[in-house]
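Comments concern the structure below.
The values are calculated or read from the model by the stated rules, or taken from the named source; none is laboratory data. For clarity, every value in this text was computed on a predicted model and none was experimentally measured. Cβ coordinates were reconstructed from backbone atoms using ideal geometry, including for glycine residues, and neighbour counts include every protein chain displayed. Only protein heavy atoms, including side chains, enter the accessible area calculation; ligands, DNA and RNA are left aside. Shrake-Rupley method; radii C 1.70, N 1.55, O 1.52, S 1.80 Å.
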Amino acid sequence: PVFMLDEIDKVGTDFRGDPSAALLEALDPEQNNGFSDHYLEVPFDLSEVMFITTANVLDTIPPALRDRLEVIRFSGYTEDEKIEIAKQYLIPKLEREVGLAKDNIRLEWEGGKPDKIISKIITGYTREAGVRKLEQKIQQILESLSREHMKQANKSLAIIVATESVEKILKIPKYTGERVSETEIGEAIGLVVTESGNVDIIYVQ
């Protein structure tokens, strides 16, 4: 069997106990052949189980637990990859969830393709290695446009997604591309790379 443990870096310790201590025994192939469940008091052989865990950052995983894991690093998606994922998977899925597919309402994108608008959402409103936030923003836009469409007296069979509607629904962009300007005396330009693969320019005094 394969056990999937999602976001193991968010395991915390509080007054209810320390889950990472139990995971030390469960994930250690040297001792998990006689793992004892303290609720049922029944021993289990977990040595044949394939454990796969996910994490966004390694720093918050306790060192003893991290030593028992084989770490495989995946880089975040590039902007072009995010655009293709949105076009091929996210938008068709969200059309079904919002109900556009059921009502035979087609989406029309400004310029004929969604690439430009998706790129605007990625650069202005999301900053992540994956596409979770991107999906949320696209869903927010489709739901808002769908509600407006329902209020129209003469309903057309198309909803048009334009750059203006993105700014109207999502408001002011959260992230803006900062241009490198001249530094002042006592100031230096620094480059910051985050764990999720984002890059920022900062000014250090």
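Miscellaneous remarks
- Largest-first principal axis extents of the Cα set of the range 61-188 (Å): 60, 49, 23
- With at most 15 neighbouring Cβ atoms within 10 Å, loop chymotrypsin sites (Phe, Trp or Tyr not before Pro) (DSSP) excluded, longest segment of the chain: 75-174
- Mean separation of Cα contacts under 8 Å (6+ apart) over length of the chain, as relative contact order %: 18
- Whole-angstrom gap from the range 76-97 to the range 100-123, using each part's C-alpha centre: 11
- Ligands, DNA and RNA are left out, and with a 1.4 angstrom probe the accessible area of the range 12-144 is 65 Å² per residue.
- Here the accessible area is traced with a 1.4 Å probe on the protein chains. For the range 1-73, carbon and sulfur cover 56 percent of it.
- The fraction of all Cα pairs in the range 110-180 landing in successive 5 Å bins from 0 to the largest distance is 3, 15, 25, 24, 16, 10, 5, 2, 1, 0, given as whole percents.
- Relative contact order for the range 52-157, counting Cα pairs under 8 Å that sit 6 or more residues apart, in percent: 33
- Here's the list of lysines a cross-link from LYS151 could span, going by alpha-carbon distance under 18 Å and ignoring same-chain residues fewer than 8 apart: LYS102, LYS168.
- All alpha carbon pair distances within the range 1-82 were sorted into 10 Å bins beginning at 0; the resulting P(r) in whole percents reads 15, 44, 29, 9, 3, 0.
- For the range 110-164, the carbon plus sulfur part of the accessible surface works out to 49%, probe radius 1.4 Å.
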